[in-house]
1. Is there a residue being among the hydroxyl-bearing types (Ser, Thr, Tyr) and modelled with pLDDT of 95 or more anywhere in region 85-99?
2. For region 1-30, what are the residues that are outside any loop (DSSP other than H, G, I, E, B), among the small types (Gly, Ala, Ser) and under 13 Å from CYS61 (Cβ atoms)?
3. Give the residue, chosen from VAL72, VAL101, VAL78, that is of a type in the set (Val, Ile, Thr) and touching a strand residue (DSSP E or B) at 6+ places or on another chain (Cβ under 8 Å).
4. Whether any residue in region 11-26 is in the same structural domain as ILE129 (by TED's automatic domain parsing), surrounded by 14 or more Cβ atoms within 10 Å (Cβ to Cβ), more than 25 Å from LYS142 (Cα to Cα) and of a type in the set (Ser, Thr, Tyr) is what I want to check.
5. Test each condition in (1) in a helix (DSSP H, G or I); (2) under 19 Å from ARG120 (Cα atoms); (3) in contact (Cβ under 8 Å) with a residue 24 or more places away in the chain for ASN33 and report the one that comes out false.
6. Need a quick list: helices (runs of 4 or more DSSP H) entirely within region 92-164 having at least 2 residues that are touching a residue at least 12 places away in the same chain (Cβ under 8 Å), surrounded by 11 or more Cβ atoms within 10 Å (Cβ to Cβ) and in contact with a Lys or Arg (Cβ under 9 Å, 6 or more places away or on another chain).
7. How many of the residues in region 58-79 are touching a Pro at 6+ places or on another chain (Cβ under 8 Å) and part of a loop (DSSP other than H, G, I, E, B)?
8. Run down GLY83, GLY55 and say which single residue is closer than 20 Å to ALA18 by Cβ and either surrounded by 18 or more Cβ atoms within 10 Å (Cβ to Cβ) or assigned by TED's automatic domain parsing to the domain that holds TRP13 (or both).
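The values are calculated or read from the model by the stated rules, or taken from the named source; none is laboratory data. This one's a predicted model, so the numbers in the text were calculated from it and none came from an experiment. Virtual Cβ from ideal backbone geometry, glycine too; neighbours counted across all protein chains shown.
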Amino acid sequence: MQVGILMGSDSDWVKINAAAKALDEFGVEYEINVMSAHRTPDVVKNYAETAESRGLSVIICAAGGSAHLAGVVASHTVLPVIGIPVQTDLAGGLDSLLSTVQMPGDIPVATVGTGSGGARNAGILAVEILAAADKTLRQKLKDFRKSLAVKIAEKNAALRLLPR
């Protein structure tokens, strides 16, 4: 496995599975676990401390509300940690976003946006991190970026053909 995906609750999966789908698109292996910074702190600590020795290179953490999972994981590993702030009923995810993005200095957590776009970006960011040391993956990213430009050009051409 190259990437660990952690979530604070199994109900978060429907909100963040776009991260796994992005990893699938690039052929990046990952594992998925549910653990809570508040309810299972020893499990989280052990997971983070052993992640590198188990072959992980990046960890994606999704949590809502106080969203401490990414910060706690980052405090126990030197691997890059990406936080996905999960949308909540309380403030639409603003609470999660602020909790994730406002990490104190020295122990960084990369933070993506809320919603499915943020989850997808977490997966793609993990791929970009891995691609720094993997030429094959880097080429897949370059091809992906080119395909995005082609899709936009096609949409632009189709739009220009619409009656005015």
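1. Scanning region 85-99 turns up no residue that is among the hydroxyl-bearing types (Ser, Thr, Tyr) and modelled with pLDDT of 95 or more.
2. GLY4, ALA19
3. On the way: VAL72 fails: touching a strand residue (DSSP E or B) at 6+ places or on another chain (Cβ under 8 Å); VAL78 fails: touching a strand residue (DSSP E or B) at 6+ places or on another chain (Cβ under 8 Å).
Going through VAL72, VAL101, VAL78 in turn, the sole match is VAL101.
4. Scanning region 11-26 turns up no residue that is in the same structural domain as ILE129 (by TED's automatic domain parsing), surrounded by 14 or more Cβ atoms within 10 Å (Cβ to Cβ), more than 25 Å from LYS142 (Cα to Cα) and of a type in the set (Ser, Thr, Tyr).
5. (1)
6. Values: elements: 94-101, 115-131, 135-160.
Because the criterion is at least 2 residues that are touching a residue at least 12 places away in the same chain (Cβ under 8 Å), surrounded by 11 or more Cβ atoms within 10 Å (Cβ to Cβ) and in contact with a Lys or Arg (Cβ under 9 Å, 6 or more places away or on another chain), the helices (runs of 4 or more DSSP H) in region 92-164 that meet it are 115-131.
7. Result for region 58-79: 2.
8. Matching residue, one of GLY83, GLY55: GLY83.
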